[in-house]
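**Q** Sharing a structure, written as C-alpha cells. Questions coming.
The values are calculated or read from the model by the stated rules, or taken from the named source; none is laboratory data. A quick note: this is a predicted structure, and the numbers were derived from the prediction, not measured. Methodologically, a virtual Cβ is constructed for each residue, glycine included, from the backbone with ideal geometry; neighbour enumeration extends over all protein chains shown.
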C-alpha cells in the first residue's frame, strides 16, 4: 500500500470487512464526538472508472472521504455536496453524498498542467490553487438549501474543513484524511484505491466548556470578558487534538487496522464508545428520466444545437460515464407530451 512515501503489503487473506462504512463514536470524558470512514471498493470504482492520474485520484479520494464524514451526519433524506472551483490544474472537484449512503464523485483537470507539476509528492494545494470550496446541504426545496463557502488559498482539504467549522459553525474540529493505493503481493499490478478519514469535534455539554474562546465579541454573553486568541484552550479539547495528531496516514487506510481498532488505540484510556456502522455505496443519480428533464430545461434552439453530425443527441454522465444516445425527434415528442408547468 502506498501512502506518501510508504509501501505496505496488504494481507492477501484480508476480506476488507470494514470497507465502505462510517463509524460514529463519542468520547464523553473529553466531550468529543466524531466519525471515522473507510472507503474501499466504492472509491476504487470511482477513481478507476475515469483513469485519473495519481495526484488527481488522491485529491478526489480525499474529497470523497471528507464528504462522507460530513454528509453522513444528515438526519434526513437529503444531499450533501462538496464542490471546488479554482484556478489550479484541477479546476473542479464535485462529490455528492445522498443520505443515507449514496456516493458519487468527479473531477475536471488539465492533464498537461498536472503532468508539469512533476512526479514528486503533491499536496491538495498544489493541485487546487486559488478559488473556493462550497459545501451545500439540500433537503429538496429552495427554502431548505444551505451553503457554506471557504476561500481556497493553497491550503489542503483538511485545513479548509477546519476553517469552515471555525468560521461557519464555531465548532472546534479536527480532520484527518488519507488516500493510498494498495498493491498486490510483490507490488506489481492489481492495485486498488483506498481512502480514509477521521472527524473529531468538541461539543461540550457543560455551560463552562460551551463558552468557546473563539466567539467573536458580538456574541459574548453580557458580563463575560472575551479573551480572543489569548484565551486558553480547553484541556479536554487540547488532549483530543493531541491524540488525533498522532495518527499516521497509513492507519487511516490500512485494511488490517479497522476503525474500531484505531479509535481504541487513540482513546481507550478515556473510554471511547462506538455506534452502529453506516454503509456507503458508490452509485449515480443519473437516469433516462433525469437526462430528459435536463434536456427539457433548454430552449428549442439550444436542443437543436445539441444534435451531432450523426443526427443524434449524446449525453455522457460526468460521474459514472454512462452514455445516453437519444433521437432528437423522440426527445421533442416526449417534451411536447409533458404537462405544462
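**Q** For residue 302, state whether it is farther than 28 Å from residue 102 by Cα and outside any strand (DSSP E or B). Explain how you work it out, then say what you get.
**A** Details: farther than 28 Å from residue 102 by Cα: yes; outside any strand (DSSP E or B): yes.
Taking the combined requirement at face value, the residue satisfies it.
**Q** Can residue 151 be described as surrounded by fewer than 14 Cβ atoms within 10 Å (Cβ to Cβ), over 21 Å from residue 318 (Cα atoms) and free of Cβ contacts under 8 Å to residues at least 40 places away in the same chain? Full working, then the answer.
**A** Numbers: surrounded by fewer than 14 Cβ atoms within 10 Å (Cβ to Cβ): yes; over 21 Å from residue 318 (Cα atoms): yes; free of Cβ contacts under 8 Å to residues at least 40 places away in the same chain: yes.
Taking the combined requirement at face value, the residue satisfies it.
**Q** Do we find a residue being assigned to a helix (DSSP H, G or I), free of Cβ contacts under 8 Å to residues at least 24 places away in the same chain and either in contact with a strand residue (DSSP E or B) (Cβ under 7 Å, 6 or more places away or on another chain) or surrounded by fewer than 23 Cβ atoms within 10 Å (Cβ to Cβ) (or both) anywhere in the range 98-112?
**A** Here is the first cut: in the range 98-112, the residues assigned to a helix (DSSP H, G or I) are 111-112.
Narrowing further to those that are free of Cβ contacts under 8 Å to residues at least 24 places away in the same chain: 112.
Those still in the list that are either in contact with a strand residue (DSSP E or B) (Cβ under 7 Å, 6 or more places away or on another chain) or surrounded by fewer than 23 Cβ atoms within 10 Å (Cβ to Cβ) (or both) too: 112.
For the range 98-112, residues assigned to a helix (DSSP H, G or I), free of Cβ contacts under 8 Å to residues at least 24 places away in the same chain and either in contact with a strand residue (DSSP E or B) (Cβ under 7 Å, 6 or more places away or on another chain) or surrounded by fewer than 23 Cβ atoms within 10 Å (Cβ to Cβ) (or both): present.
Residue-wise test of (1) surrounded by fewer than 23 Cβ atoms within 10 Å (Cβ to Cβ); (2) out of contact with any strand residue (DSSP E or B) (no Cβ under 6 Å at 6 or more places or on another chain); (3) closer than 30 Å to residue 321 by Cα; (4) at pLDDT 95 or above.
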{"position": "14", "(1), (2), (3), (4)": "yes, yes, no, no"}
{"position": "26", "(1), (2), (3), (4)": "yes, no, no, yes"}
{"position": "33", "(1), (2), (3), (4)": "yes, no, no, yes"}
{"position": "39", "(1), (2), (3), (4)": "no, no, yes, yes"}
{"position": "63", "(1), (2), (3), (4)": "no, no, yes, yes"}
{"position": "76", "(1), (2), (3), (4)": "yes, yes, yes, no"}
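**Q** Let me ask another. Only residues that are under 30 Å from residue 181 (Cβ atoms) and free of Cβ contacts under 8 Å to residues at least 60 places away in the same chain: list them for the range 252-285, please.
**A** If the condition is that a residue be under 30 Å from residue 181 (Cβ atoms) and free of Cβ contacts under 8 Å to residues at least 60 places away in the same chain, then 257, 261, 264, 265, 266 are the ones that fit.
**Q** Suppose we keep only residues that are within 17 Å of residue 287 (Cβ to Cβ) and in a loop (DSSP other than H, G, I, E, B) within the range 306-341. Which one would you say is modelled with the lowest pLDDT?
**A** Filtering the range 306-341 for residues within 17 Å of residue 287 (Cβ to Cβ) gives 313-326, 330-331, 334-335, 338.
From the residues that got through so far, the ones that are in a loop (DSSP other than H, G, I, E, B) too are 317-322, 338.
Numbers: 317: 92, 318: 93, 319: 92, 320: 92, 321: 90, 322: 92, 338: 79.
Across the range 306-341, the extreme among qualifying residues is 338.
**Q** In this structure, does residue 122 turn out to be within 21 Å of residue 199 (Cβ to Cβ), touching a helix residue (DSSP H, G or I) at 6+ places or on another chain (Cβ under 6 Å) and either assigned to a strand (DSSP E or B) or touching a residue at least 60 places away in the same chain (Cβ under 8 Å) (or both)? Outline the logic, then answer.
**A** Numbers: within 21 Å of residue 199 (Cβ to Cβ): no; touching a helix residue (DSSP H, G or I) at 6+ places or on another chain (Cβ under 6 Å): yes; either assigned to a strand (DSSP E or B) or touching a residue at least 60 places away in the same chain (Cβ under 8 Å) (or both): yes.
Judged against the criteria, residue 122 is not a match.
**Q** To continue, here is another question. How about the range 257-276: which of its residues are under 23 Å from the mean Cα position of the chain (by Cα), crowded, with 16+ Cβ neighbours inside 10 Å and not in a helix (DSSP H, G or I)?
**A** Scanning the range 257-276 gives 257, 258.
**Q** Of all residues in the range 282-324, which are under 32 Å from the mean Cα position of the chain (by Cα) and over 30 Å from residue 193 (Cβ atoms)? Outline the logic, then answer.
**A** Let us first name the residues in the range 282-324 that are under 32 Å from the mean Cα position of the chain (by Cα), namely 282-298, 314-324.
289, 292, 293, 295, 296, 297, 298 - these are the residues of the range 282-324 that are under 32 Å from the mean Cα position of the chain (by Cα) and over 30 Å from residue 193 (Cβ atoms).
**Q** Let me ask another. Would you call residue 127 outside any helix (DSSP H, G or I) and in contact with a helix residue (DSSP H, G or I) (Cβ under 7 Å, 6 or more places away or on another chain)?
**A** On the way: outside any helix (DSSP H, G or I): no; in contact with a helix residue (DSSP H, G or I) (Cβ under 7 Å, 6 or more places away or on another chain): yes.
No.
**Q** Please list, ordered by residue number, the helices (runs of 4 or more DSSP H) wholly in the range 157-247 having 3 or more residues that are out of contact with any strand residue (DSSP E or B) (no Cβ under 9 Å at 6 or more places or on another chain) and modelled with pLDDT under 90. Working first, answer last.
**A** Details: elements: 157-164, 207-210, 235-244.
Once the helices (runs of 4 or more DSSP H) in the range 157-247 are filtered for at least 3 residues that are out of contact with any strand residue (DSSP E or B) (no Cβ under 9 Å at 6 or more places or on another chain) and modelled with pLDDT under 90, what remains is 207-210.
**Q** Just wondering, is there one or more residues in the range 108-122 that are modelled with pLDDT under 95 and on the phi > 0 side of the Ramachandran plot?
**A** yes
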